[in-house]
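The values are calculated or read from the model by the stated rules, or taken from the named source; none is laboratory data. Predicted model, so just to flag it, every value in this text is computed and none were measured. Because the Cβ atoms are built from the backbone with ideal geometry, glycine has one as well, and the counts that use them run over all protein chains shown.
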Amino acid sequence: MTAETITAGSSGSWKLGDLPVHRIGFGAMRLTGSAAFHLGTPSDRETSLTVLRKAVDLGVNHIDTAAFYFSSLRSANELVNTALSPYPDDLVVATKVGPYRDNQGEWGTSARPDELRGHVEENLRQLGRDRLDVVYLRRTHQDSIAEHFGALAELREAGLIRHLGISAVQPRHLDEALEIAPVVSVQNRYAVDRPDPVDDEVLRLCGERGIAFVPFFAVAGAAGEAGATTAHDDAVLSVARSHGVSPAQVRIAWTLHQGPHVLAIPGTGNPDHLAENVAAGALRLSDEELARLAGARTPTA
């Protein structure tokens with residue numbers, strides 16, 4: 001069986017509220033260029049559209065995007081809309097609000113609670129939707145997220161949003177949000193070579209409460225916004241060699257092995273890499289391999 005014949009269904013499934021998704025999804029950020037958004041050169045437009053359509057053909061039914069994913073050449077939301085509208089009935093499109101950028105791509109301060117409706121409406125307009133499936137509040141510097149999350153909860157009650165998530169949070173923020181409205185998913189940075197006790201705790205709490213945990217930069221690791229890392233631990237390289245797969249596929253597989261509630265949203269502008277990412281959902285790691293990878297994790301300084 002080749003990567004081209006393995007579909008996202010091999011990764012298993014989870015529900016974001018009442019919305020079932022395969023555990024391998026797709027992150028649209030890379031389609032705009034580098035993770036710095038206005039730096040780097042994205043794939044050509046037709047290739048980006050092809051990648052999105054191929055993702056759906058491979059069974060991906062969970063796409064992660066945002067209105068602030070844009071560069072001078074590309075808007076992730078516009079690409080998603082153009083490639084996939086009219087949307088398949090089972091496709092879940094998640095977006096996020098909180099940070100924002102001006103038309104030149106410069107970051108502003110985090111949106112005020114009273115500005116979030118405009119940001120939600122911007123995503124609705126760009127995606128061509130009447131209601132957003134999942135909206136994350138992406139925390140930036142706030143000590144408390146109650147006021148911002150409460151504003152999104154009101155938009156959920158108004159019918160603009162179906163389900164709510166939170167991102168870049170600590171355990172206390174999850175508790176704070178759950179006092180206001182249901183949370184279906186949490187997006188935090190998480191990778192095999194970037195251990196963090198706080199994120200480990202958030203992952204554990206999500207599992208206990210039936211909430212999806214959706215890591216970002218799982219493939220990039222320490223490289224973060226620079227893109228997919230080429231610096232792999234010996235344990236990752238060894239496991240990759242034993243399975244005849246790429247280190248990136250091992251990173252994705254390791255992510256999914258962290259719990260049945262863990263979803264992966266690797267992004268790429270390359271159709272071949274897309275097929276490999278989806279195929280990683282079928283990669284099963286042994287207990288010994290997982291122990292080897294766990295042993296390679298060292299606490300952050």
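The number of residues in region 25-42 that are modelled with pLDDT of 90 or more and in a loop (DSSP other than H, G, I, E, B) comes to 2.
What's the number of the only condition in (1) over 16 Å from the mean Cα position of the chain (by Cα); (2) at pLDDT 95 or above that HIS22 fails to meet? Here HIS22 meets the rest and fails (1).
For region 43-59, a tally of residues being in a helix (DSSP H, G or I) and farther than 15 Å from PRO88 by Cβ returns 7.
Screening ARG117 with (1) among the basic types (Lys, Arg); (2) in a helix (DSSP H, G or I); (3) closer than 28 Å to LEU58 by Cα gives one miss only, at (3). Taking the condition under 21 Å from LEU52 (Cβ atoms), at pLDDT 90 or above and assigned to a helix (DSSP H, G or I), does GLU288 pass? So GLU288 does not fit the description; no.
Pairs are defined by a Cβ separation below 6 Å, a sequence spacing of at least 6 or placement on different chains, a first member in region 274-297 that is within 19 Å of ALA191 (Cβ to Cβ), and a second member that is charged (D, E, K, R); the pairs so defined are ALA296/ASP233. Entry remark, region 234-285: residues being more than 26 Å from SER167 (Cβ to Cβ) and in a loop (DSSP other than H, G, I, E, B) number 6 in total. Filtering region 102-121 to residues that are closer than 10 Å to ALA66 by Cβ and charged (D, E, K, R) leaves nothing. Inclusion of VAL21 among residues that are touching a residue at least 60 places away in the same chain (Cβ under 8 Å) and farther than 25 Å from THR140 by Cα is warranted.
Before we move on, is VAL80 surrounded by 15 or more Cβ atoms within 10 Å (Cβ to Cβ), part of a helix (DSSP H, G or I), under 15 Å from the mean Cα position of the chain (by Cα) and not polar (S, T, N, Q)? When the stated conditions are applied, VAL80 passes them. If you go through region 120-159 and keep only what is touching a Pro at 6+ places or on another chain (Cβ under 8 Å) and either modelled with pLDDT of 95 or more or part of a helix (DSSP H, G or I) (or both), you end up with ARG138, GLU147, HIS148, GLY150, ALA151. Considering only region 254-277, state which residues are within 15 Å of the chain's Cα centre (by Cα), at pLDDT 95 or above and farther than 15 Å from VAL214 by Cβ. LEU274, the sole residue that qualifies.
Annotation for region 96-114: at least one member residue is on the phi > 0 side of the Ramachandran plot and surrounded by 23 or more Cβ atoms within 10 Å (Cβ to Cβ).
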